[in-house]
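The values are calculated or read from the model by the stated rules, or taken from the named source; none is laboratory data. Keep in mind that what you see is a predicted model, and the values were worked out from it rather than measured. Heads up, the Cβs are rebuilt from the backbone with ideal geometry, glycines too, and the neighbour counts pull from every protein chain shown. Protein only, heavy atoms only, side chains kept; ligands, DNA and RNA dropped before computing areas. Shrake-Rupley method; radii C 1.70, N 1.55, O 1.52, S 1.80 Å.
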Amino acid sequence: MTNKLPLTEEPTLRADAARNRERILAAAEEVFLERGADASLDDIAKRAKVGIGTLYRRFPTREALLAATNDERLMALTEASRRRDDKLDPDACVRAFIKDLVAHACHYRGLAAALGTVLKSGTPGCRASGEEARRLLLRAQKAGAIRKDVSVDDLVCMVTAISLSIEQGSTTKSRIAHLTDLFLDGVGVR
């Protein structure tokens, strides 16, 4: 059973403000893909053909902009995770979700370093992925697959570590599954 989550809970924007927001998000996606998560916000505003003040009115921090550009992907990742419930055991569901998060954190160069802050930004996608991580972790802990002292923050640290390793070139994306399994085997029940 898939619960459809709302993509936005923002108040309705005026038509011109909504257009500006969408232009900023489209420009940010392009610039972040080209130059990484630490790309100039001035460059994003220029590409969106808005003033920097307009960008900051919509997205007061870089992390808020990163979270907004990743919202739909995080929602899709969460929905895919929920669809696995009937197909996989609790341990396998956590592993699949972590692997998906690691792959997601490698979407832009530099996103891995900001991941923890981005996930706490409160956007619908960030909240949904956090809630899903908590749900999966609790389910795996109840099943005895993961130690009771493991937290969602521990999982985010693991995702960040694997993602940074990939981003910095010390490993490849093909090793995501292996590294995830190594970490999760380490937090398994003793």
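Taking interchain pairs and intrachain pairs at least six residues apart, which have beta carbon atoms under 6 angstrom, with the first residue in the range 118-145 and free of Cβ contacts under 8 Å to residues at least 12 places away in the same chain and the second of a type outside the set (Asp, Glu)? If the second residue must be of a type outside the set (Asp, Glu), the pairs left are GLN141/LYS148.
Here's the yes/no breakdown for (1) out of contact with any helix residue (DSSP H, G or I) (no Cβ under 6 Å at 6 or more places or on another chain); (2) open to solvent by less than 20 Å² (accessible area, probe 1.4 Å); (3) closer than 16 Å to SER81 by Cα:
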| site | (1), (2), (3) |
| --- | --- |
| LEU119 | no, no, no |
| GLY125 | no, yes, yes |
| GLU131 | yes, no, yes |
| ARG134 | no, no, yes |
| ALA140 | no, yes, yes |
| ASP149 | yes, no, no |
| LEU164 | no, no, no |
| SER174 | yes, no, no |
| ASP185 | yes, no, no |
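Restricted to the range 62-87, and to residues there that are in a loop (DSSP other than H, G, I, E, B) and surrounded by 14 or more Cβ atoms within 10 Å (Cβ to Cβ), the residue that is farthest from the chain's Cα centre (by Cα) is ASP85. Of the residues LEU182, LEU164, the single one that is in a helix (DSSP H, G or I) and at pLDDT below 90 is LEU182. Among the residues in the range 90-100, are any farther than 30 Å from ASP42 by Cβ, surrounded by 14 or more Cβ atoms within 10 Å (Cβ to Cβ), in contact (Cβ under 8 Å) with a residue 60 or more places away in the chain and over 16 Å from the mean Cα position of the chain (by Cα)? Yes. Beta carbons closer than 8 Å, at least 6 apart along the sequence or on distinct chains, pair a first residue in the range 11-23 that is of a type outside the set (D, E, K, R) and at pLDDT 80 or above with a second that is surrounded by 13 or more Cβ atoms within 10 Å (Cβ to Cβ) and outside any loop (DSSP other than H, G, I, E, B) for ASN20/ALA48; ASN20/THR54; ASN20/ARG58.
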